[in-house]
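One structure is given below, encoded as structure tokens.
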Amino acid sequence: MIQTDNRPIYVRLADQICDRILLEDYRKLERIPSVREYAVSQQVNPATAARAFEILERQGVIFNKRGLGFFVTEDAVEIIRKLRLETLLGEESDLFFSRLAVLEVTPEQLRDMYAKFLSSKKMI
């Protein structure tokens, strides 16, 4: 299998937790698994899981209640969406748009493809 995600494991773990928050597997103000529990479930070193939790805590996605564990912040969903949109529009869009330009995809074709994608996902 070809590995396409070259990001560090702890960054991918943080993204997985964010995905679970967006999917409402972890709801706001709800406790999430401990660092150790998460490390075991993902089969990684606890230090790696701890780095993922540190990132999320710094971003304001989770917070620590000493002795009780980590919890999802009230505005975690909004924070995650904002961060991901910034990444998409910043880092990822240059590659995407340069590939579209090479393929000579017009703005109209792109709009139609996106509309088709959304309708197939029942999003519009």
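Below is a table of values for the structure above.
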{"item": "Table column - 3J(HN,Hα) (Hz), segment 32-38, Karplus curve with 6.51, -1.76, 1.60, x for Gly and Pro", "result": "9, x, 5, 4, 5, 4, 5"}
{"item": "Integer Hz, Karplus 6.51/-1.76/1.60 couplings in order for segment 8-14, x for Gly and Pro", "result": "x, 4, 5, 5, 5, 5, 4"}
{"item": "Unit charges at the beta carbon, dipole of segment 61-124: most positive-side option, Gly67, Val102, Ser119", "result": "Gly67"}
{"item": "Computed E for Leu85/Thr106 - FRET, C-beta separation, R0 22 angstrom, nearest 0.05", "result": "0.35"}
{"item": "Heavy-atom accessible area per residue - the chain, 1.4 Å, Å²", "result": "76 Å²"}
{"item": "Sulfur and carbon atoms: percent of accessible area, the chain [1.4 Å]", "result": "56 percent"}
{"item": "The chain, helix-only ellipticity at 222 nm - DSSP H runs n ≥ 4, -39,500 (n - 2.57), divided by all residues, nearest 500", "result": "-18000 deg cm²/dmol"}
{"item": "29 Å Cα cut-off, lysine pairs counted over the chain (separation 8 or more, or different chains)", "result": "8"}
{"item": "Coil-residue GluC sites (Glu not before Pro) of segment 14-58, DSSP, other Cβ within 10 Å capped at 16", "result": "Glu24, Glu30"}
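The values are calculated or read from the model by the stated rules, or taken from the named source; none is laboratory data. Since we're looking at a predicted model, the values are computed, not measured. Cβ: placed from backbone, ideal geometry, glycine included. Neighbour counts: every protein chain shown. Please note that ligands, DNA and RNA were not included when accessible areas were found on the heavy atoms of the full protein model with its side chains. Shrake-Rupley method; radii C 1.70, N 1.55, O 1.52, S 1.80 Å.
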